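Working notes, beginning with the structure itself.
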Amino acid sequence: FRAVMLSRRSASLARAARLYHTPAAAANWNWPTAINFGAGRVSELPETCAELGISRPLVVTDEGLAALPIIEHAMEMCKNAVLFSEVRGNPVGANVTQGVAAYHAAGCDGVVAYGGGSALDAGKAIALMVGQEHDLWTYVDDENWDGAKVNVEGMAPVIAIPTTSGTGSEVGRASVITDERSKTKKIIFHPNMLPAKVILDPEVTAGLPAPITAAVGMDALSHCLEAYFSPLYHPMAQGVAVEGVKLIQDHLLSVVQDGDNLEARAHLQVASTAGATAFQKGLGAMHSLAHPLGAVHDTHHGLTNAVVMPYVLEFNRSAIQDVSADLARYLDLKEHSFNGLYEWVLELREQVGIPHTLKELGVEQEDVAALVPMAVNDPTAGTNPIKLTPENVEPLFRNCVDGVSASYKH
């Protein structure tokens with residue numbers, strides 16, 4: 001009976017999805033923050049700055065984007081803007097410190113975080129730190145976090161403009177910053193780090209090369225899947241995660257094959273935002289493995305999540321079989337089961353050109369021992385469906401390095 005009802009519900013939801021899965025020319029919504037969505041909406045940046053009382057923004061981006069026309073256009077629109085592009089692919093504490101110094105030296109009064117996840121994370125962290133007396137690591141999201149230490153009034157307003165569709169940092173209340181002293185990625189958190197305004201404009205993603213489009217799209221998928229499988233109770237996030245997976249299923253391959261498909265790019269932007277909205281329910285071992293790899297080996301975050309994804313799904317299999325079947329049914333996969341979902345992930349990875357092993361990212365077996373404790377202690381480990389321990393993470397890591405599939409016993 002349950003299977004019949006779920007099948008009917010999935011068919012009904014699929015019909016409804018086909019009715020509304022066409023993006024409007026423009027749309028605004030206010031969850032989890034104020035979002036202006038639609039092609040060409042980046043032209044509203046000057047008005048958005050004025051709305052937030054920003055007259056001299058610090059435009060935070062990375063060195064690669066700084067030389068491109070989209071940033072030049074932003075600087076032309078905001079005549080008093082100051083450009084800061086000293087942001088690494090995996091931003092480090094020094095990038096934030098330098099950004100704060102640039103902000104104060106130029107007399108800025110707000111931040112425009114414009115770029116991929118690195119620029120967005122750096123921009124949000126800079127906006128936090130411009131008004132603080134303590135150092136950056138005081139605000140790490142751990143058992144010692146104390147919101148009373150944050151001077152909220154000193155924080156700068158942030159406008160976020162994502163140029164990739166993966167991290168969803170534009171709707172996050174935290175930044176992932178690497179502490180170079182310990183070579184660990186740390187989550188800097190405060191509720192007010194959530195950008196005051198987000199501009200989702202698919203036109204600014206149109207020049208993204210296919211390999212990066214694929215990697216960041218799979219990052220968004222990792223957010224949706226790990227939020228969906230998190231054992232925490234959050235029905236709203238659960239629903240958003242499911243819809244994010246559906247959008248990726250329908251549009252990622254199309255965008256990788258045709259980067260000029262603005263409609264599909266628009267859908268992927270929403271999927272990215274959905275994934276980051278959903279993962280307030282939690283993340284899991286994909287990120288627990290990816291964070292130390294990014295910190296130590298400087299691997300691309302989204303690509304790393306994409307590589308480890310099927311290995312982590314199999315690792316968690318015993319805990320997620322039933323909910324995997326529900327998701328596979330909604331996606332109308334060939335097989336409504338864990339195996340159906342697993343095979344779809346493998347197929348999608350291959351179609352969009354994701355490497356199959358960590359060895360292809362430059363990670364060797366001799367690197368694993370140092371990575372294991374970092375993964376077990378990563379903040380995302382706590383919401384993995386199966387508890388991460390040194391004993392089970394080491395073989396998981398080793399399988400990811402060599403591409404070995406295994407049945408895990410916990």
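A few comments on the model shown:
- Kirkwood hydrodynamic radius (C-alpha pairs) into Stokes-Einstein, segment 297-349, 37 °C and 0.692 mPa s, D in µm²/s: 283
- Coil-residue trypsin sites (Lys or Arg not before Pro) of segment 71-163, DSSP, other Cβ within 10 Å capped at 13: Lys79
- Table column - 3J(HN,Hα) (Hz), segment 346-353, Karplus curve with 6.51, -1.76, 1.60, x for Gly and Pro: 4, 5, 5, 4, 5, 4, 9, x
- Among the GluC sites (Glu not before Pro) in segment 39-76, none is located in a DSSP loop while being surrounded by at most 13 other Cβ atoms within 10 Å of its own Cβ.
- P(r) of segment 61-139 over all Cα-Cα pairs, binned every 10 Å from zero, in whole percent: 19, 54, 24, 3
- Pair-distance profile P(r), taking every C-alpha pair of segment 265-410, with 5 angstrom steps and integer %: 2, 10, 17, 23, 23, 16, 7, 2, 0
- Cα-based equivalent ellipsoid, segment 178-298: semi-axes from gyration tensor eigenvalues, Å: 24, 19, 15
- Chymotrypsin sites (Phe, Trp or Tyr not before Pro) restricted to segment 188-240 and DSSP loop, no more than 11 other C-beta within 10 Å: Tyr233
- Cα centre as origin, Lys/Arg/Asp/Glu Cβ charges: segment 238-297 dipole, Debye: 300
- Pairs of Lys residues in the chain are counted when their Cα atoms are under 17 angstrom apart and they lie 8 or more places apart or on different chains; the count is 6.
- Relative contact order of segment 204-258, pairs being alpha-carbon contacts under 8 Å that are 6 or more residues apart, as %: 47
- Solvent-accessible area per residue for the chain (1.4 angstrom probe, square angstrom): 41
- Take every DSSP beta bridge whose two residues both sit in the chain; close to 35 percent of them are antiparallel.
- Relative contact order (%) - segment 144-209, alpha-carbon pairs under 8 angstrom, separation at least six: 38
- Percent RCO, i.e. relative contact order, over the chain, from Cα pairs under 8 Å lying at least 6 residues apart: 14
- In the chain, helical runs assigned H by DSSP with n ≥ 4 each contribute -39500 (n - 2.57); averaged across all residues and rounded to the nearest 500, the mean residue ellipticity at 222 nm is -16000 deg cm²/dmol.
- Our coupling estimate for segment 365-374, obtained by passing each phi through the Karplus curve with A = 6.51, B = -1.76, C = 1.60 and θ = phi - 60°, is 4, 5, 7, 5, 3, 6, 7, 4, x, 5 Hz, Gly and Pro reported as x.
- Measuring nothing but protein heavy atoms, the accessible surface of the chain at 1.4 Å probe radius is 53 percent carbon and sulfur.
- Local net charge near Lys124, Cβ-Cβ under 12 Å (Lys/Arg +1, Asp/Glu -1): -1
- Charged-residue dipole, Cβ positions (Lys, Arg, Asp, Glu), segment 108-173 about Cα centre, Debye nearest 20: 260
The values are calculated or read from the model by the stated rules, or taken from the named source; none is laboratory data. In this text the structure is predicted, and so the values were computed from the model without any measurement. Note: ideal-geometry Cβ built from the backbone for every residue, glycine included; neighbour counts use all protein chains shown. Only protein heavy atoms, including side chains, enter the accessible area calculation; ligands, DNA and RNA are left aside. Shrake-Rupley method; radii C 1.70, N 1.55, O 1.52, S 1.80 Å.
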